[in-house]
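Peer 1: Before we start, here is the structure in question, set down as structure tokens.
Coordinate-derived values only; no laboratory data. Since we're looking at a predicted model, the values are computed, not measured. Methodologically, a virtual Cβ is constructed for each residue, glycine included, from the backbone with ideal geometry; neighbour enumeration extends over all protein chains shown.
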Amino acid sequence: MNATSCNLTVLRQEVVASDIMRLVVQWQDPSREPHAGQFYMLRAWAADATPILSRPISVDDFDNQTGALTFLYQVKGEGTRKLAALQAGNALTVTGPCGNGFDTAALAASHKRIAVVGGGIGTAPLLLLCKELCRAGVRPDLYVGFRDASYGMESFVPWCHTIHLATDSGSEGHHGLVTDLLDVRNYDIVLTCGPMVMMRGVAKLCADAGVPCLASLEKKMACGLGACLGCTCHTKIGPVTVCKDGPVFSAQEVFD
Ligand SMILES: Cc1cc2nc3c(=O)[nH]c(=O)nc-3n(C[C@H](O)[C@H](O)[C@H](O)COP(=O)(O)OP(=O)(O)OC[C@H]3O[C@@H](n4cnc5c(N)ncnc54)[C@H](O)[C@@H]3O)c2cc1C
Ligand code: FES
């Protein structure tokens, strides 16, 4: 268990798009650096204030030179509204880094053609994933889907071989599903994070073509550390906790 609980200082907070925020905090522990696909439990309110539970948010980016740790999140309810009120200099309580994440060194060593597929705010953990894969020697192809306007895509450009964009509204890129653009037979492995319906579709394409697929799952969480069993998921390999055994799983183990 590499997670720790501590207070971090907010460096900046930016509005990225409607209801989409980027929060940058100063990570202080070089012995516990986060990697792609891991997440933190965030709390910007007192221990006795609501909401009772901290909120899980993925690592969007991490700069191991400066310790700048970035979260990209969608404002949905009380917890994320309170996160959105943070300003530079404020304190943020975090527990993490949590979860297994993607083993990007091993992925890049054993797969030369990698597709990364994301949808909506599920693109948040994919930036550090693309960066780590690129640094490990494989520049992935990125496939992303949004309801309407895309956001955050400019950050991906240096780290991806190609970027394929789809929107439900047709306002940008392909008018339709991101899976319409994806021929999984061109890849050695597919890595995905986004709405369950999208990941299920990606997993089915991969299963039909015999291409391995890793999916990063979401579940409501309480402890984030594997202690409360609140995020248990029943899979083909038995019960697993999304927070500790995951959030990254082999798609064939979790999807029918
Ligand atoms: C491992 C993990 C990583 C995540 N990474 C990110 C991220 O990088 N960026 C981001 O914006 N969000 C992320 N989420 C989702 C985020 O945790 C929820 O959106 C957040 O907890 C909502 O809290 P709230 O108090 O604002 O809303 P609430 O008032 O709790 O809920 C508002 C709405 O959001 C839905 N919701 C709550 N929790 C979740 C959840 N876990 N998954 C899906 N929907 C939920 C509720 O059903 C409700 O409809 C992640 C979730 C997990 C489990
Ligand atoms: S949230 Fe407690 S075990 Fe996963």
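Peer 1: How do D148, D168 line up, fewest other C-beta atoms within 10 Å first? Walk me through the numbers on the way to the answer.
Peer 2: On the way: D148 12, D168 15.
So the ranking, lowest neighbour count to highest, is D148, D168.
Peer 1: Using Cβ counts within 10 Å as a stand-in for footprinting exposure, how do L128, L214 rank, fewest first?
Peer 2: Exposure proxy ranking, most exposed first: L214, L128.
Peer 1: From the phi angles alone, apply the Karplus equation (6.51, -1.76, 1.60; θ = phi - 60°) to region 104-116 and give each ³J(HN,Hα) in whole Hz, x where the residue is Gly or Pro.
Peer 2: 5, 5, 5, 4, 5, 6, 10, 9, 9, 10, 10, 9, 10
Peer 1: Still on this model: Can you work out the Karplus-derived ³J(HN,Hα) for every residue in region 230-243? Use 6.51 cos²θ - 1.76 cosθ + 1.60 with θ = phi - 60°, whole Hz, and x for glycine or proline.
Peer 2: x, 9, 5, 10, 8, 10, 5, 9, x, x, 9, 9, 5, 6
Peer 1: Given bins 10 angstrom wide, list per bin the percent of all Cα-Cα distances in region 129-256, short to long.
Peer 2: 12, 36, 35, 16, 0
Peer 1: How would F102, F156 line up from fewest to most surrounding beta-carbon atoms within 10 angstrom?
Peer 2: Ranked by crowding around the Cβ, least crowded first: F156, F102.
Peer 1: In µm²/s, what is D for the chain at 37 °C and 0.692 mPa s, where D = kT/(6 pi eta Rh) by Stokes-Einstein and Rh is the Kirkwood radius from Cα pairs? If you can, show how the numbers build up before the last one.
Peer 2: Values: Rh = 18.5 Å.
It comes out at roughly 178 µm²/s.
Peer 1: Okay, moving on. Got a sec to turn the phi values of region 185-200 into Karplus ³J(HN,Hα) couplings, 6.51 cos²θ - 1.76 cosθ + 1.60 with θ = phi - 60°, whole Hz, x for Gly and Pro?
Peer 2: Working through the residues one at a time gives 5, 7, 10, 8, 7, 10, 10, 9, 8, x, x, 3, 5, 5, 5, 4 Hz.
Peer 1: Any idea how far the Cα center of region 1-50 sits from the one of region 55-85, in Å?
Peer 2: The distance from the Cα centre of region 1-50 to that of region 55-85 comes to 5 Å.
Peer 1: Would you mind computing Rg(Cα) / (2.2 N^0.38 Å) for region 4-98, counting N as its residues?
Peer 2: Normalised Cα radius of gyration, region 4-98: 0.99.
Peer 1: For region 4-98, what is the charge dipole size about the Cα centre, in debye to the nearest 20, if Lys and Arg each add +1 at the Cβ and Asp and Glu each add -1 at the Cβ? Working shown, then result.
Peer 2: Working: 8 positive and 9 negative charges, 47 e Å.
Magnitude of the dipole: close to 220 debye.
Peer 1: Check the chain and count each lysine pair with an alpha-carbon distance under 20 angstrom, considering only pairs eight or more places apart or from different chains.
Peer 2: For the chain, qualifying lysine pairs total 9.
Peer 1: Can I ask one more? Could you check which residue among E78, E33, E132 shows the biggest mean-square fluctuation in a GNM of the chain with a 10 Å Cα cutoff?
Peer 2: Result: E78 has the largest fluctuation of those listed.
Peer 1: Could you tell me the distance between the Cα centroids of region 193-256 and region 87-102, to the nearest Å?
Peer 2: Using only Cα atoms to place each centre, the spacing works out to 22 Å.
Peer 1: Could you give the spread of the C-alpha atoms of region 194-256 along their three principal axes, from largest to smallest, in whole angstroms?
Peer 2: Rounded to whole Å, the extents work out to 37, 22, 14 Å.
Peer 1: Would you mind calculating the relative contact order of the chain from Cα pairs under 8 angstrom and at least 6 residues apart, reporting the percent as a whole number?
Peer 2: 18
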